[in-house]
Amino acid sequence: MKRNNYIANQSAKPHGLIGKMLMWIMRYETEKVNNFALNLLDLKANQHVLEIGFGHGITLEKIAQMDESIKLAGVDHSQLAVESFQKKSRNHSMISVECASGSQLPFNDNSFDRIFGVHIHYFLKNFRQFLLEVHRALNNDGKFILVGKYGQKSLGNFPADVYQFYPKEEIKKQLELVGFKQVEIKKDNMLGSELFGIIGIK
């Protein structure tokens, strides 16, 4: 069934009561995908980690519980997501979150060892600018993880004026063009035929 524009726009930027309900649903609906991203991060003690589009924030919470030495940050362009996380997170004092765009990250160059995002690239208006910002904010040899759907089969289920589904080969090419190296495409067969993780090293 095709997702209508209102729900699609709420998925892109949750707000109001419907946005709260949607984030609650996504907390459980995306759990396996978020765990896949977490495994790809290959985290080490004392690293600095940024999640772009943290939404419900469960992945940041999991990392905080795994290793207190990891310094965590998150950005989301939904003010609702930021406020909800600050109110409900048990680890809010360990995790810095703010309302910001992935295409204009409020961080200095070479700030993070890991940057990741799950189900965010569909909504980006300027994908190249987003990749340039991620590359700028990563430390040398830092790792970027982007997880989501990359196939064309999903196009019919989502409004094209809200969602953009890039082929995974195109994503890989774009990462290489902005300077990422050792770009790899990873797959978990348990998550369906169109869901992949793409890894790039600065």
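At-a-glance table
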{"read-out": "Exclusive hit being touching a residue at least 24 places away in the same chain (Cβ under 8 Å) and either among the hydrophobic types (A, V, I, L, M, F, W, C) or buried (at least 17 other Cβ atoms within 10 Å of the Cβ) (or both), set 96, 111", "value": "111"}
{"read-out": "Residues being in a loop (DSSP other than H, G, I, E, B) and within 19 Å of residue 102 (Cα to Cα) - total across region 41-72", "value": "5"}
{"read-out": "Positions within region 26-40 being polar (S, T, N, Q), closer than 15 Å to residue 119 by Cα and assigned to a helix (DSSP H, G or I), in sequence order", "value": "34, 35"}
{"read-out": "Of residues in region 73-105 being among the hydroxyl-bearing types (Ser, Thr, Tyr) and closer than 26 Å to residue 126 by Cβ, the one modelled with the lowest pLDDT", "value": "78"}
{"read-out": "Residue in region 129-139 that is modelled with pLDDT under 85, in a helix (DSSP H, G or I), among the aromatic types (Phe, Trp, Tyr) and under 22 Å from residue 73 (Cα atoms) present", "value": "no"}
{"read-out": "Subset of region 26-79 (residues that are buried (at least 20 other Cβ atoms within 10 Å of the Cβ), touching a residue at least 40 places away in the same chain (Cβ under 8 Å), farther than 19 Å from residue 196 by Cα and not polar (S, T, N, Q))", "value": "49, 50, 55, 57"}
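The values are calculated or read from the model by the stated rules, or taken from the named source; none is laboratory data. Note that the structure is a prediction, hence the values are computed from the model and not measured. A quick note on method: Cβ atoms are made from the backbone with ideal geometry, for glycine too, and the neighbour counts reach across all protein chains shown.
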